[in-house]
Amino acid sequence: MKLLTTSIREQLLRNGQERAARNQAGEDDPDHLPVVKLFTPDAACTWLLTELDPEEPDIAFGLCDLGMGCPELGSVRISELEALRGRLGLPVERDLHFQPAYPLSVYARAAWNAEGITERPDELAAAAQAGEGAR
């Protein structure tokens, strides 16, 4: 399975270019919807990616969960994900059914509360509401 289709790669690059432009202008980082969800079918790793670095398009940014109870926002090399194999030797896959409902900050807040990336509607709604109260 190809991890990033042409359209996914193009959206990730557009998001990365927007972040770079906003950083250069001294503005806050954008809070994009995740573009793609990747996971290991034979391990507990999940990545929700929002952008690619326009200067180094092998580097993606997003929410990374290695299944150890401490998901974090950070960067990962796509080439490393393509080479990664889980316990049974299975490669990383793209979740073909993932439909983002919230920006990355909500997924991150829910993941920190749940100690892992979650798509449970109640946990995401609570994280979204908590984020509204923080503003």
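The values are calculated or read from the model by the stated rules, or taken from the named source; none is laboratory data. Just so it is clear, the model here is predicted, and its values are computed rather than measured. We place every Cβ from the backbone using ideal geometry, glycine too, and count neighbours over all the protein chains shown. These accessible areas exclude ligands, DNA and RNA; they are computed on the full protein's heavy atoms, side chains included. Shrake-Rupley method; radii C 1.70, N 1.55, O 1.52, S 1.80 Å.
Observations, loosely collected:
- Accessible surface for region 47-135, divided over its residues, is 57 Å² per residue with a 1.4 Å probe.
- Using equal-weight Cα scatterers in the Debye expression, the normalised intensity of region 51-135 in log10 at q = 0.11, 0.22, 0.24 Å⁻¹ is -0.36, -1.18, -1.26.
- Exposed-loop-free span, longest in the chain, where GluC sites (Glu not before Pro) count as exposed if DSSP calls them loop and at most 11 other C-beta atoms lie within 10 Å: 56-135
- Put simply, the C-alpha atoms of region 1-66 give a gyration tensor, and the ellipsoid matching it has half-axes of 23, 13, 9 Å, longest first.
- Using 0.36 nm per residue and subtracting the Cα-Cα separation, the extra length available between Asp58 and Glu72 on full extension is 3.1 nm.
- Taking θ as phi - 60° and the Karplus parameters 6.51, -1.76 and 1.60, the scalar couplings of region 91-102 work out to x, 5, 10, 9, 6, 6, 9, 5, 10, x, 10, 9 Hz in sequence order, x denoting glycine and proline.
- Placing R0 at 25 angstrom, the Cβ-Cβ distance between Met1 and Arg120 gives a FRET efficiency of 0.50 after rounding to 0.05.
- Only alpha carbons enter this Debye calculation for region 65-109, each as an equal point scatterer, and the log10 of I(q)/I(0) it gives at q = 0.19, 0.23, 0.24 Å⁻¹ is -0.87, -1.16, -1.20.
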